[in-house]
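Q: Here you go, one structure.
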């Protein structure tokens, strides 16, 4: 009986995407074919016709791989969700390193490399859950909030700097104008946070995990929402170590033979926004939560570096987040001094 498997690598850009298809019939690879389509609704219709003309199946015999492009790949994600196509959205750096030494680069070449990556790594790649419009709304709102918070902090820092000027007249003008800007940004942030809370309250599954995460002392509501967005509401049962590694709070060994014996250190590849949020949670914890306050003081008394202890607290918080969600049990504080 003839068996066919289909491996698709798609390189996505703002205006178009290049799709490369490798068909394997009875374990024999067929010639690789590539086609370009507009990254629009009309382009997706043409893409669907192209798949039909090449007899591509909409079942487990087909796997699609794309890189995470932020917003440009959403049409393809939506198409795969609608037609039950297995889709893997890969990390660009991981895919690049897995290819080894390469020469030359273009959209067509990238799609062909993604196709071969899809073929070689098919057994190890995790497929994405169907696209949930609620998550897209939450992600866009959280992204907007992050940008506004950065603008707010930048404006506040500038106001502090201009206070060193000796021109009182100019200082008054600048302070008044920037005060209006700061108030406007704060109001925008508040409106976005209200919209986020409304979405969370209206979705039962998101609300359930949100309540579990915020049951942990030290974890704020926006941090909980951001983690839910990053993990697609824990659609795949991510472990605490995996989440901690993603957040960049896990120290890795740095040694080689007898010549290199460095200290364990965190890796620079991480979700820096999540790491920043966890850092703020850790600072709040050592100030207001007795367990972490005692832990921090004890480790400092032992001569530990303050940032190292804070990173350990961040790690503890991440492990607790994964534990309460995976066990579907609220956090229970059994700490005794």
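Q: Evaluate E = 1/(1 + (r/R0)^6) for residue 188 and residue 134, where r is the Cβ-Cβ distance and R0 equals 25 Å; express this FRET efficiency to the nearest 0.05.
A: On the way: r = 22 Å, r/R0 = 0.87.
Step by step, r from the Cβ atoms, then E = 0.70.
Q: Mean separation of Cα pairs under 8 Å and 6+ residues apart, divided by the residue count of region 137-203: what relative contact order is that in percent? Please report the intermediate quantities before stating the final value.
A: Details: 27 pairs, mean separation 35.5, N = 67.
Dividing the mean separation by the residue count of region 137-203 yields 53 percent.
Q: Can you give me the angle between helix 221-230 and the longest principal axis of the chain, using Cα atoms only, in degrees from 0 to 90, rounded to the nearest 10?
A: Long axis of 221-230 versus the principal axis of the chain: about 20 degrees.
Q: Considering Cα pairs under 8 angstrom that are at least six residues apart, work out the relative contact order of region 76-130 and quote it in whole percent. Let's see the in-between values first.
A: Values: 24 pairs, mean separation 33.8, N = 55.
Relative CO of region 76-130 lands at 61 percent.
Q: What's the angle, to the nearest 10 degrees (0 to 90), between helix 272-288's Cα axis and the longest principal axis of the chain?
A: Relative to the chain, helix 272-288 is tipped by roughly 30 degrees.
Q: Note the angle between two axes, namely the Cα long axis of helix 41-53 and the longest principal axis of the Cα atoms of the chain, as a number of degrees from 0 to 90, rounded to the nearest 10.
A: 40
Q: OK, next. Report the label-to-label distance for residue 78 and residue 232 in nanometres (one decimal), using points 7 Å from each Cα along the Cα→Cβ vector.
A: 1.7
Q: Sorting check: for 327-335, 294-302, 8-16, which peptide has the highest mean count of neighbouring beta carbons within 10 Å, and how do the rest follow?
A: Values: 327-335: 10.7, 294-302: 13.7, 8-16: 19.4.
Ranked from most to least packed, the peptides come out as 8-16, 294-302, 327-335.
Q: Let me ask something else. Once label points are set 7 Å from the Cα along Cα→Cβ at both residue 199 and residue 98, what is their separation, rounded to one decimal in nm?
A: Spacing of the two 7 Å Cα→Cβ label points: 2.9 nm.
Q: How do 51-58, 72-79, 145-152 rank on mean C-beta neighbours within 10 Å, highest first?
A: Numbers: 51-58: 13.9, 72-79: 19.0, 145-152: 15.6.
My ranking of the peptides, most packed first, is 72-79, 145-152, 51-58.
Q: May I ask you to derive the relative contact order of the chain, considering only C-alpha pairs under 8 Å and at least 6 residues apart, and to give it as an integer percent? Let's see the in-between values first.
A: Values: 423 pairs, mean separation 43.0, N = 337.
RCO, the chain: 13 percent.
Q: Moving on to the next point. 222 nm [θ] for the chain, helices only, -39500 (n - 2.57) per DSSP H run of 4+, per residue, to 500? Intermediate results must be reported in sequence, preceding the final value.
A: Details: 12 runs with 188 residues, N = 337.
About -18500 deg cm²/dmol.
Q: Label region 1-131 by shape, choosing from rounded, prolate and oblate, from the square roots a ≥ b ≥ c of the eigenvalues of the Cα gyration tensor; if a/c is under 1.5 it is rounded, and otherwise prolate applies when a/b is larger than b/c, oblate when it is not. Display every interim value, and only then the final one.
A: Numbers: a/c = 1.32, a/b = 1.04, b/c = 1.27.
Rounded.
Q: Measuring from centroid to centroid over Cα atoms, what is the spacing of region 150-209 and region 27-78 in Å?
A: When both Cα centres are located, 42 Å separates them.
Q: Using 7 Å Cα-to-Cβ label points, what is the residue 294/residue 42 separation (nm, one decimal)?
A: Output for this residue pair reads 6.9 nm.
Q: Does the chain classify as rounded, prolate or oblate by the C-alpha gyration tensor (a ≥ b ≥ c root eigenvalues; a/c under 1.5 gives rounded; else a/b over b/c gives prolate, otherwise oblate)?
A: On the way: a/c = 1.89, a/b = 1.54, b/c = 1.23.
Verdict is prolate for the chain.
Just so you know, all these numbers are worked out from the coordinates, no wet-lab data involved. The structure displayed is predicted, hence computed values, not measured ones. Every residue, glycine among them, receives a Cβ derived from its backbone with ideal geometry; neighbour counts consider all protein chains shown.
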